[in-house]
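Okay, so here's the structure we're looking at.
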């Protein structure tokens, strides 16, 4: 028999008459998911209490691995409210497994849904297909098709999770069409970007100007750029000599950033054109962060603040239809236009080929040689075009 002190969730309480009562008390996470405290015996039959605790722990283990625990051991509310469901989902292993950026997005949508569900007081059994359609249509009519799609996707996921917890039998979002949002296709050209960069520099915001340039040439997402520090800036090795001749700065170094993307988990090397090396070196004289806050060099620029500043600069540049995220797409289009094939571009951008990613992409080192070849191809074509333009 296992030592009772080593048995998870087994607690003994001393009573006023000197005897002890055993309780099985699951963790807060398990309680949020429906498991309840249970009195399982007294010290008059200590062996039976310990056996019962071990049996309950076995049922929890089976349930965690996908088996259904007996309903008699689970305190499933007779009527779950929407807030009950949201709290249970946030306490679940599924929530713990989400990436931080995904959790932030879901948090926003769950708060919006709680407001819709009578501030969370609405019993989930009363949510029907008509309510879901109305929720969708309100946002679509307001011109918020993207928001409607995002909210309904999270609601559908949450309702499916509720079915798995036996809190619902059917998903009220089934057969409710989620709006299809067209992919953004906006692209900035070099002249437009130069105008925005000049405005940022005139307003003494060098980090914003550098962020605009690097978003175009590095092909990285905003969140990844904001994490870059001096530790990520390094000479790149294993570069073909012909490519090194194009990418090297006057000191003979091929420089770039090595990072693990937050969204994909992939390691990538981003070779940076030599004409940007001095700007990056200057940035690191101001702060350890590549894109430090222009008003507080001790920290990286917060994402919301960079978005706000870029928005203001784009508006002044007459680029009000563009967003910062359009620069990554613009950079990939630019490289493709400069003769780099799609597969080579993904060695820098981190995109999966044909929408699939191998686990090796997470654990294997980046393909430095291919990434440098892609950037060198683009710079050769760019130089050729400029020489032809000068010859006219």
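The values are calculated or read from the model by the stated rules, or taken from the named source; none is laboratory data. Computed from a predicted structure; not experimentally measured. Note that we place each Cβ from the backbone using ideal geometry, even for glycine, and neighbour counts take in every protein chain shown.
The condition of being in the same structural domain as residue 214 (by TED's automatic domain parsing), at pLDDT 90 or above and either out of contact with any strand residue (DSSP E or B) (no Cβ under 8 Å at 6 or more places or on another chain) or buried (at least 21 other Cβ atoms within 10 Å of the Cβ) (or both) does not hold for residue 350. Considering the range 311-330, and only residues there that are within 21 Å of the chain's Cα centre (by Cα) and within 16 Å of residue 210 (Cβ to Cβ), the residue that is surrounded by the most Cβ atoms within 10 Å (Cβ to Cβ) turns out to be 327. When you check residue 130 against the structure, is it within 29 Å of residue 35 (Cβ to Cβ), surrounded by fewer than 18 Cβ atoms within 10 Å (Cβ to Cβ) and not assigned by TED's automatic domain parsing to the domain that holds residue 263, yes or no? So residue 130 does not fit the description; no. For the range 32-50, a residue qualifies if it is in contact (Cβ under 8 Å) with a residue 40 or more places away in the chain and either under 30 Å from residue 164 (Cβ atoms) or assigned by TED's automatic domain parsing to the domain that holds residue 86 (or both), and the qualifying residues are 32, 33, 34, 35. Sort out which residues of the range 281-295 are more than 13 Å from residue 233 (Cα to Cα) and part of a loop (DSSP other than H, G, I, E, B), and write them in order of number. The answer is 287, 294, 295. Residue 186 - would you say it is outside any loop (DSSP other than H, G, I, E, B) and on the phi < 0 side of the Ramachandran plot? Considered against the rule, which asks whether it is outside any loop (DSSP other than H, G, I, E, B) and on the phi < 0 side of the Ramachandran plot, residue 186 comes out as no. Residues considered: 246, 239. Of these, the only one that is more than 25 Å from the chain's Cα centre (by Cα), assigned by TED's automatic domain parsing to the domain that holds residue 347, under 19 Å from residue 379 (Cα atoms) and part of a loop (DSSP other than H, G, I, E, B) is 239. Quick one: would you say residue 198 is farther than 30 Å from residue 129 by Cα and touching a helix residue (DSSP H, G or I) at 6+ places or on another chain (Cβ under 6 Å)? Against the criterion (farther than 30 Å from residue 129 by Cα and touching a helix residue (DSSP H, G or I) at 6+ places or on another chain (Cβ under 6 Å)), residue 198 does not qualify. I'd like to check something: does the range 256-277 contain any residue that is surrounded by fewer than 19 Cβ atoms within 10 Å (Cβ to Cβ), part of a helix (DSSP H, G or I) and in contact (Cβ under 8 Å) with a residue 40 or more places away in the chain? Among the residues of the range 256-277, at least one is surrounded by fewer than 19 Cβ atoms within 10 Å (Cβ to Cβ), part of a helix (DSSP H, G or I) and in contact (Cβ under 8 Å) with a residue 40 or more places away in the chain, which makes the answer yes.
Annotation note: of 48, 53, 39, the sole residue that is touching a strand residue (DSSP E or B) at 6+ places or on another chain (Cβ under 8 Å), in a strand (DSSP E or B), on the phi < 0 side of the Ramachandran plot and modelled with pLDDT of 80 or more is 39. If you go through the range 294-304 and keep only what is within 14 Å of residue 225 (Cβ to Cβ) and surrounded by 13 or more Cβ atoms within 10 Å (Cβ to Cβ), you end up with 300, 301, 303. Can you confirm whether the range 192-208 contains a residue that is assigned by TED's automatic domain parsing to the domain that holds residue 294, within 22 Å of the chain's Cα centre (by Cα) and at pLDDT 95 or above? No.
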